[in-house]
Amino acid sequence: MGATILATLTLAACGSTSSSSSNSSSQNTTASSSSQKKLPAEYQSALNKAQTYSDTMHLSKKGLYRQLTSSSGEAFEKKPALYAVNHVKANWNENALAKAKDYQDQQSLSPARIKTQLTSSVGKQFTESQANYAVQHLNK
């Protein structure tokens with residue numbers, strides 16, 4: 001139920017950012033830039049932090065949300081954090097693989113243990129599918 005409320009709040013808070021359709025790519029670029037300027041500062045800050053965390057710490061979507069909203073993390077409000085995790089440019093499979101490689105290289109964990117770490121609710125919180133991808137691509 002909490003996820004449904006958050007999703008509903010996000011849709012209401014974010015609204016529609018599309019502009020009238022145009023065949024000109026320069027007009028579309030301008031419309032995109034224009035809509036980004038209207039993004040509230042806290043949303044943009046959360047998105048910037050989300051991108052940094054995804055690029056450097058290779059977090060899962062849930063882990064990223066937890067980091068952004070945690071009082072010991074960035075302490076963003078729920079709406080900007082949810083906006084950020086839904087709009088960050090991340091490849092969750094590749095993030096899971098990067099974490100899996102860290103576990104393999106730094107802790108010499110078995111593939112089964114790596115998968116457990118990746119999917120644990122108190123761990124990295126990747127999806128089962130993302131963890132499977134990571135384990136399957138560890139030695140490639």
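Below is a table of values for the structure above.
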{"item": "Order by protection proxy (mean Cβ within 10 Å, highest first), peptides 56-69, 95-108", "result": "56-69, 95-108"}
{"item": "Neighbourhood net charge (13 Å Cβ-Cβ; Lys/Arg +1, Asp/Glu -1) for Thr69", "result": "+3"}
{"item": "Whichever lysines have a C-alpha closer than 28 Å to that of Lys78, once near sequence neighbours (fewer than 8 apart) are set aside", "result": "Lys37, Lys38, Lys49, Lys61, Lys62, Lys89, Lys99, Lys124"}
{"item": "The stretch 128-140 - phi-based ³J(HN,Hα) in whole Hz, Karplus 6.51/-1.76/1.60, Gly and Pro as x", "result": "4, 4, 5, 5, 4, 4, 4, 5, 5, 10, 4, 9, 9"}
{"item": "Contact order normalised by residue count of the stretch 91-140, Cα under 8 Å, 6+ apart, percent", "result": "46 percent"}
{"item": "Eligible aspartates and glutamates near Lys140 by straight Cα distance, threshold 20 Å, same-chain separation 8 or greater", "result": "Glu94, Asp102, Asp105, Glu128"}
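Values in this text are rule-based calculations from the coordinates and carry no lab data. Every value quoted in this text rests on a predicted model; they were computed, and no experiment measured them. Every residue, glycine among them, receives a Cβ derived from its backbone with ideal geometry; neighbour counts consider all protein chains shown.
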